[in-house]
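Participant: Pasting a structure here, questions to come.
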């Protein structure tokens, strides 16, 4: 995976979504359907004195194939344990290279730790996101295949008819684009699937009930991805259903697998520091208010434990089938979570083990929250119990 400059071989299709950090398009790249995140920025941003994103990120994408994994690894003949052991070895290898690149970026930025969420310009932030995501390879993380920096002098390098460039307020130089070419997930977002009722059925009385097996298997996908990121000391910062994508699978009983996406706000934890050690994050770039941990709201600091809080809100939403705090304003949510320990109320009935797990994950004290390895063990135990119940039921059937 390498950074390319100049004209793009992409065949651009429809717009899939737009956010504060860029737009995502469906496209065809080398004959394969892909998703492309486009981040527009001033070309002067990449030549600012004292900041060279390409050189500081060179170590990130240069080693990205060292792990020897692919996004389709989970479908081959390896056992689950063998896959997990290989992923852990890969995470340890990638962590060393990520930290080396982080140190180089720190030197470039006058001693300040340079991360995608702390980049001084939109262009450097885009490059750091691209380089970081291309260094990651896990079956439950959306794969980044490549990234490109478009030459502002080439009209063919821009979206729009006749190469017309969109007008961005506040950008004084020629417009550039950083394009992040990613795996296309045909199942849409977890948020859309959740709201469409794909994780709920009906009981004998016609009431909506959560499909616990489907819920737990999907949460397990997310937990495996987050465990891997934390092994690499990556603090994601913005875990939520909208940033989890679903990809069709012919081998999974659900018909899909879940994949974590979007590293636009991610932060690499410093070398030799625990992943749960808090670092300054800045509330403005900290993530989505509904999923933001109280320490991030109140003090502008966060850690990998803050991702666990975000996971708890996501897990509540998946079980409830609706968004958390949907009737409240951002100010009400921030005040309630940070000052009054406000959390969503569990629907009735909620399994006791599920309530206990989610409640522990959204503890006010980050140190009281479990790690994703611990969460994975709980989910695996409960999934095994569901499987045994189904086998026993089938065995007793006439």
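Only the coordinates and a few stated rules stand behind these numbers; no lab work does. In this text the structure is predicted, and so the values were computed from the model without any measurement. Don't worry about glycine lacking a Cβ; one is built from the backbone with ideal geometry, like all the others, and counts go over all protein chains shown.
Participant: With N set to the residue count of segment 190-396, report its C-alpha Rg divided by 2.2 N^0.38 Å to two decimal places.
Facilitator: 1.03
Participant: Over the alpha carbons of segment 314-373, what is the largest minus smallest coordinate on each principal axis, giving the biggest first in Å?
Facilitator: Each principal axis gives a Cα extent; for segment 314-373 these are 32, 28, 16 Å.
Participant: Sort the following peptides by mean Cβ neighbour count (other Cβ atoms within 10 Å, averaged over residues), highest first: 198-211, 235-248.
Facilitator: 235-248, 198-211
Participant: Listing 183, 177, 374 from the residue with the fewest other Cβ atoms within 10 Å to the one with the most, what is the order?
Facilitator: 374, 183, 177
Participant: Label residue 356 and residue 383 with points 7 Å out from Cα along Cα→Cβ: what is the distance between them in nm?
Facilitator: Label at residue 356, label at residue 383, 2.0 nm between them.
Participant: Evaluate the distance, in nm, between pseudo-label points positioned 7 Å from the Cα of residue 204 and of residue 340 along their respective Cα→Cβ axes.
Facilitator: Once both label points are built, they end up 4.0 nm from each other.
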